[in-house]
Structures are given as structure tokens and as C-alpha cells.
Amino acid sequence: MAMPPIGLYLASTLIEWPGRVCASVVLQGCNFRCPFCHSREFVPVGKPSKEINIEDVLMDIRMRRDWTDAVVVSGGEPSIHGGLAELLESFKHAGLLVKLDTNGSNPATLERLLSEGLVDLVALDVKAPLDERYEKASGIKVNVDNVRRSIEILKGRPQAQEFRTTYVPGLHGEAEAEAIAQELAGASMYYVQGFVPRNTLDEKYLDIRQFGVEELTRFAEIAAPHISRVELRGEGVVFENGLRVS
């Protein structure tokens, strides 16, 4: 089966997986059309403007193996590609841990990858509460039951899960934070992150303001009673077991 199209390769990143030095592989194509997406160039399905050869990626990773712990595979949406398992297997054969970023729309694929040991950590991006509000955040009509199933699959693997939501003015507020947290109740890790108006799929979102740290901290505080650990990404705000610890 053909390997998924790679639109971007970064040899080293320290922010994708805390405590690990990772390579980053961004796949071309997504089944969502989130208007606030800041990776608009990787949304169209098909060949990227400059496709990167998987053999070149693997060769570079092998050269850096002494100081590279893992690879993060994102997109786009990786799970839309039939050759995803083969791609991840090639990284496992290179001796790397694998983190997968996904929107959770393909739970059967997610379950297969986890059961076959091809993924060590999954970051699931929860766009909004799992109701009629999801369509506005995702830009398309979504089967939210599939997203809910993916959430439940990850809840059963506390060491392999990471949930996150990008909070966008006009799409998210305190009510949405509470509804999302209730869906994630019992999860071990949830990141609250603020929308940045940059390179957005819908150019109208370039003019939308950002939430301030106090507002984002409030969203994290709302989620904290439901989830073991909640972090406001990049701001050092952490809640554990419902209590703020930093």
C-alpha cells in the first residue's frame, strides 16, 4: 500500500512531547475544515506542493537516532490515509516511540493502531462539545459518535492519551468548557490552548481576537474537577485532581 503523502518534515522538536526529542512528520490532507485551522496548506487532499520522500525521512532519522526519542505524526488528519499503519510501522522499526495527532473521526483505525502497538501516545483534538456545536468548529457535518468512541478508546489507555481543545472566541466559552470536560470525565490529561490568528483556513478568523491568559485559565479551572491533570499550554498553569498546583 502506498505511503501517505508527507507535506512537512522537521528533524527535531522539543515541544510536541514533553521530555522527549521528537522528529515531526506532517501528512497532507484532512477530512475536517476547521475555520480557525492554522495549517491551511495541509488541509487539501492530494499531493502536497513539495512532497517529501519517506526514505529520505527515515535516513535522516537513522542518522539522528542517538538523540531522537520519538516521532510525532500529524496533519492534516493522518487517519484518512490507508497506508498509515505501514508508515508508523517503519518508524517503530527505526526504534522510535510514536505519537499520533488525530481528530478522532476514525475510531476503528485508532483502535487498530493501538492494539497493534504502532502508537505509544495519541493526542486527540476535541473541537467542541459533542452536539450541534461541533459542526461550526469543524467546518463540516461530523459524526460525533465516532469522536465519542475515540475518546472512550483512549480513556481505557491512560498512559497513551492526551486530549486538547483550541479555545476560539465566538466558538468557545465557559459553557463549552464544561460540556467538553464532562465528555472527557475520567481522562488523565487535557490541554487547554488558545487560538492564534495566523494562517487560518477561513481568513475571517485572522481578525478574531485571542483569549487572554485569565480567560484560558478559567476554562482550565472549569475542566479540572473532571480530569486528572489539566494544563494551559505554554503558560505554566497546571491543575491536578481539581486543584491548581502551579
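The values are calculated or read from the model by the stated rules, or taken from the named source; none is laboratory data. Here the structure is a predicted model, which is why all the values come from computation and not from measurement. Neighbour counts run over all protein chains shown; Cβ positions are idealised from the backbone, glycine included.
Given the conditions (1) surrounded by 17 or more Cβ atoms within 10 Å (Cβ to Cβ); (2) outside any loop (DSSP other than H, G, I, E, B); (3) at pLDDT below 95; (4) not polar (S, T, N, Q), which single one is not true for Trp17?
All conditions pass for Trp17, except number (2).
Is it the case that the range 50-63 has a residue that's touching an Asp or Glu at 6+ places or on another chain (Cβ under 8 Å) and surrounded by 18 or more Cβ atoms within 10 Å (Cβ to Cβ)? It would help to see each step written out before you state the result.
In the first step, residues of the range 50-63 are kept if they are touching an Asp or Glu at 6+ places or on another chain (Cβ under 8 Å); the result is none.
Checking the range 50-63: not a single residue is touching an Asp or Glu at 6+ places or on another chain (Cβ under 8 Å) and surrounded by 18 or more Cβ atoms within 10 Å (Cβ to Cβ).
Looking for something touching a Ser or Thr at 6+ places or on another chain (Cβ under 9 Å), under 22 Å from Asp120 (Cβ atoms) and of a type outside the set (Lys, Arg) - is there at least one such residue anywhere in the range 215-228? Break it down stepwise before answering.
Restricting attention to the range 215-228, the residues satisfying the condition of being touching a Ser or Thr at 6+ places or on another chain (Cβ under 9 Å) are 219, 223, 227-228.
Now drop any that are not under 22 Å from Asp120 (Cβ atoms), which leaves 227-228.
Then keep just the ones that are of a type outside the set (Lys, Arg); that gives 227-228.
Scanning the range 215-228 turns up at least one residue that is touching a Ser or Thr at 6+ places or on another chain (Cβ under 9 Å), under 22 Å from Asp120 (Cβ atoms) and of a type outside the set (Lys, Arg).
Test Val98 against the stated conditions and say whether it is out of contact with any Pro (no Cβ under 7 Å at 6 or more places or on another chain) and in a strand (DSSP E or B). Spell out the reasoning first.
Details: out of contact with any Pro (no Cβ under 7 Å at 6 or more places or on another chain): yes; in a strand (DSSP E or B): yes.
When the stated conditions are applied, Val98 passes them.
How about the range 80-95: which of its residues are surrounded by fewer than 21 Cβ atoms within 10 Å (Cβ to Cβ) and either touching a residue at least 60 places away in the same chain (Cβ under 8 Å) or among the hydroxyl-bearing types (Ser, Thr, Tyr) (or both)?
Within the range 80-95, Gly82, Gly83, Glu86, Ser90 qualify.
I need every pair where a residue in the range 154-174 that is among the aromatic types (Phe, Trp, Tyr) has its Cβ under 6 Å from the Cβ of a residue that is not in a strand (DSSP E or B), sequence separation at least 6 or different chains.
Final answer for the pair search is Phe163/Val126; Phe163/Leu184; Phe163/Ala187; Tyr167/Phe211; Tyr167/Phe219.
Taking the options Gly212, Gly242, Gly186, name whichever one is surrounded by fewer than 13 Cβ atoms within 10 Å (Cβ to Cβ), of a type in the set (Gly, Ala, Ser), over 23 Å from Val43 (Cβ atoms) and touching a helix residue (DSSP H, G or I) at 6+ places or on another chain (Cβ under 8 Å). Steps first, answer last, please.
Numbers: Gly212 fails: touching a helix residue (DSSP H, G or I) at 6+ places or on another chain (Cβ under 8 Å); Gly242 fails: surrounded by fewer than 13 Cβ atoms within 10 Å (Cβ to Cβ).
Sole residue among the options that is surrounded by fewer than 13 Cβ atoms within 10 Å (Cβ to Cβ), of a type in the set (Gly, Ala, Ser), over 23 Å from Val43 (Cβ atoms) and touching a helix residue (DSSP H, G or I) at 6+ places or on another chain (Cβ under 8 Å): Gly186.
Which count do you get for residues in the range 67-80 that are assigned to a loop (DSSP other than H, G, I, E, B) and either more than 16 Å from the chain's Cα centre (by Cα) or among the β-branched types (Val, Ile, Thr) (or both)? Don't jump to the end; show me each part of the working.
Of all residues in the range 67-80, those assigned to a loop (DSSP other than H, G, I, E, B) come to 68-69, 75-77.
In the following step, the residues that additionally are either more than 16 Å from the chain's Cα centre (by Cα) or among the β-branched types (Val, Ile, Thr) (or both) were identified as 68-69.
Matching residues across the range 67-80 total 2.
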